[in-house]
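Below is one structure, written out as structure tokens, with a few remarks after it.
The values are calculated or read from the model by the stated rules, or taken from the named source; none is laboratory data. These numbers come from a predicted model, not from an experiment. All Cβ positions, glycine included, derive from the backbone under ideal geometry; neighbour counts span all protein chains shown.
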Amino acid sequence: MAHARNGQAEYVKLEQRLVLLAWLNGHFGYEKNRDLLADMKESAEGFDASGRSYLYHQLEARGDKVKISLSDLGRYDDNVREHLRAMNAHRREPITLRYFQYVAILYTEIFLDWYFHHRGEMLRSLNRFIEDRNAAKATGEPKDTAFSEADLKKLAFWMATGSGKTLIMHVNYRQFLHYNDLPLDNILLITPYGGRISAFST
């Protein structure tokens, strides 16, 4: 997206337009995605002897900057570990999540939990966040649009080539089926470049 300043069109970085990402980052006290990822990169990968991920401990150490309760964060961490255990059950070489993969899966946990169990609260929280975000913008800077409930039905992942999107997609299936409480006829997987179109009956 570009906007005009002094008659000149200026490019606005994609990260600055990802409101849902910024809202999620804010739950852990981060204003910029790169700061979150830089901190998470410092953590060891995998899970400790108690079953907690090292990234959980990294977030826990942020104290009151974290706006999600530790009980909820622990529940999400448990779910990530269980989904990964199921995927590794028949693999010769078990998968260990990279820090950025864990964050993507954790954010999906938060989104799906709120969507299925606290949808109205999530919508209100997002739109309050947008109001504050818009109020802080400079004159002439384009405003973010408020979310509607229909907007919450779409979730996209912005990740680099080779970052494990297919792996994360498989975990996302498990996450959706874990939280979804509505009957499903089919799940369709459509890949636009190369390859596979799969249908899973449920």
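Do you know which of the residues in segment 172-186 that are closer than 16 Å to R119 by Cβ and part of a loop (DSSP other than H, G, I, E, B) is nearest to the chain's Cα centre (by Cα)?
That would be N180.
Go through segment 127-165 and give me each residue that's exposed (fewer than 10 other Cβ atoms within 10 Å of the Cβ) and closer than 30 Å to R98 by Cβ.
K153, K154, A156, A160, T161, G162 - these are the residues of segment 127-165 that are exposed (fewer than 10 other Cβ atoms within 10 Å of the Cβ) and closer than 30 Å to R98 by Cβ.
Give the number of residues within segment 122-142 that are of a type in the set (S, T, Y) and part of a helix (DSSP H, G or I).
1
Mind checking whether some residue in segment 113-135 is without any contact (Cβ under 8 Å) to a residue 12 or more places away in the chain and in contact with a Lys or Arg (Cβ under 9 Å, 6 or more places away or on another chain)?
Scanning segment 113-135, I find at least one residue that is without any contact (Cβ under 8 Å) to a residue 12 or more places away in the chain and in contact with a Lys or Arg (Cβ under 9 Å, 6 or more places away or on another chain), so the answer is yes.
Looking for something among the acidic types (D, E), farther than 23 Å from K165 by Cα and at pLDDT below 95 - is there at least one such residue anywhere in segment 133-146?
Scanning segment 133-146 turns up at least one residue that is among the acidic types (D, E), farther than 23 Å from K165 by Cα and at pLDDT below 95.
Is it the case that some residue within segment 15-31 is in contact with a Phe, Trp or Tyr (Cβ under 9 Å, 6 or more places away or on another chain), surrounded by 14 or more Cβ atoms within 10 Å (Cβ to Cβ) and either more than 30 Å from A138 (Cα to Cα) or of a type in the set (V, I, T) (or both)?
yes
So which of N186, N180 ends up being among the polar types (S, T, N, Q) and surrounded by 11 or more Cβ atoms within 10 Å (Cβ to Cβ)?
So the residue among N186, N180 that is among the polar types (S, T, N, Q) and surrounded by 11 or more Cβ atoms within 10 Å (Cβ to Cβ) is N180.
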